[in-house]
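Taking it in order: structure first as structure tokens, then the write-up.
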Amino acid sequence: MDFALMWEITPLLLEAAWVTVTISVLAFMLGLVVATILVIMRSSAFRIIRWPARIYISVIRGTPFFVQLLIFYYGGSAFGINLEAYTAGLLAIGLNGGAYMSEAIRGSILAVDKGQNEASRSLGFSRIQTMISVILPQAAGLMIRSLGVLSVIIIKGSSLVSIISVVELTYQSQRIISSTYKPFEVFAVSAVFYLILIYGVISFVDWLYNRYTRYLYH
């Protein structure tokens, strides 16, 4: 174990870890926007609006993220669109995550007792008022857990953007290994950073869930 090397490369990997954080956060936000749109489309009474959302979700969930990433990065040139590696990676992660988030959000909404909807409508609430004031507050607890799990998956999945040369944690680790020939030490430090990021997210999600449910049910 070369502890001197591990200490020396820590600043370089810390800088790359920040790139991992930024791309993960931005991808999560993009995915949340996409998921919201998909949930609204799937809740429509019109089939012509529901079906594009269902097809999108099926395609995203039915194909490997690795392939989707390569299509975003290399496929754009076929249409005259040349995306930078960072942008292509961000879009690929965000649009992929959005499909899974939409199912998590939709599942949380459907988990709320149907009687809540019927009772609200009988009291004169509109469909939108019922969703905002009654259904979503109860479904939010389940959403926090589900979206928390997906945020961890996004952080882990961000390592795949290294294949299109985004200088995030994994790519930087590979570059350092090519010059030091000490993969164990380098990936050990990299793994520590990933653990810090992931367990930081898990701790935040647990705190947010406990805080929300405490005020909701007490």
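Please verify whether region 20-37 includes one or more residues that are at pLDDT below 95, crowded, with 17+ Cβ neighbours inside 10 Å, part of a helix (DSSP H, G or I) and not β-branched (Val, Ile, Thr).
Scanning region 20-37 turns up no residue that is at pLDDT below 95, crowded, with 17+ Cβ neighbours inside 10 Å, part of a helix (DSSP H, G or I) and not β-branched (Val, Ile, Thr).
Go through (1) in contact with a Phe, Trp or Tyr (Cβ under 9 Å, 6 or more places away or on another chain); (2) within 29 Å of Gly75 (Cβ to Cβ); (3) not acidic (Asp, Glu) for Ile177 and report which single condition fails.
So the condition that Ile177 fails would be (2).
Is there a residue in region 137-148 that is within 28 Å of Gly89 (Cα to Cα) and either among the basic types (Lys, Arg) or free of Cβ contacts under 8 Å to residues at least 24 places away in the same chain (or both)?
Taking every residue of region 137-148 in turn, at least one turns out to be within 28 Å of Gly89 (Cα to Cα) and either among the basic types (Lys, Arg) or free of Cβ contacts under 8 Å to residues at least 24 places away in the same chain (or both).
Could you figure out which of (1) within 23 Å of Lys156 (Cβ to Cβ); (2) among the charged types (D, E, K, R); (3) at pLDDT below 95 isn't true of Glu15?
(3)
Looking only at region 102-120, which residues are within 15 Å of Thr130 (Cα to Cα) and among the β-branched types (Val, Ile, Thr)?
Passing the criteria: Ile109, Val112.
Arg47 passes all but one of (1) loosely packed, with under 12 Cβ neighbours inside 10 Å; (2) closer than 30 Å to Thr170 by Cβ; which number fails?
The number of the failed condition is (2).
With the condition kept exactly as written, say whether any residue in region 187-204 is loosely packed, with under 12 Cβ neighbours inside 10 Å, among the aromatic types (Phe, Trp, Tyr) and not in a helix (DSSP H, G or I).
no
Within region 41-57, is there a residue that is within 16 Å of the chain's Cα centre (by Cα) and of a type outside the set (Ser, Thr, Tyr)?
So far as region 41-57 goes, yes, one or more of its residues are within 16 Å of the chain's Cα centre (by Cα) and of a type outside the set (Ser, Thr, Tyr).
Determine, yes or no, whether Val186 is in contact (Cβ under 8 Å) with a residue 12 or more places away in the chain, within 27 Å of Ala85 (Cβ to Cβ) and touching a Gly at 6+ places or on another chain (Cβ under 6 Å).
So Val186 fails the test.
For residues in region 166-186 being of a type outside the set (A, V, I, L, M, F, W, C), touching a helix residue (DSSP H, G or I) at 6+ places or on another chain (Cβ under 7 Å) and closer than 24 Å to Ile93 by Cα, which is surrounded by the fewest Cβ atoms within 10 Å (Cβ to Cβ)?
Across region 166-186, the extreme among qualifying residues is Gln174.
Go through (1) in contact (Cβ under 8 Å) with a residue 12 or more places away in the chain; (2) on the phi > 0 side of the Ramachandran plot one by one and return the number of the condition Phe28 breaks.
The one condition Phe28 does not meet is (2).
Say we look at region 73-88 and pick out the residues that are assigned to a helix (DSSP H, G or I) and more than 17 Å from the chain's Cα centre (by Cα); which of these is surrounded by the most Cβ atoms within 10 Å (Cβ to Cβ)?
Tyr73
Select from region 132-169 the residues that are β-branched (Val, Ile, Thr) and not in a helix (DSSP H, G or I) and write down the one among them that is nearest to the chain's Cα centre (by Cα).
Val166
Residues in region 104-131 that are closer than 25 Å to Arg145 by Cβ, in a helix (DSSP H, G or I) and aliphatic (A, V, I, L, M): how many?
5
The values are calculated or read from the model by the stated rules, or taken from the named source; none is laboratory data. Computed from a prediction, not measured in an experiment: that's the story for all the values here. Heads up, the Cβs are rebuilt from the backbone with ideal geometry, glycines too, and the neighbour counts pull from every protein chain shown.
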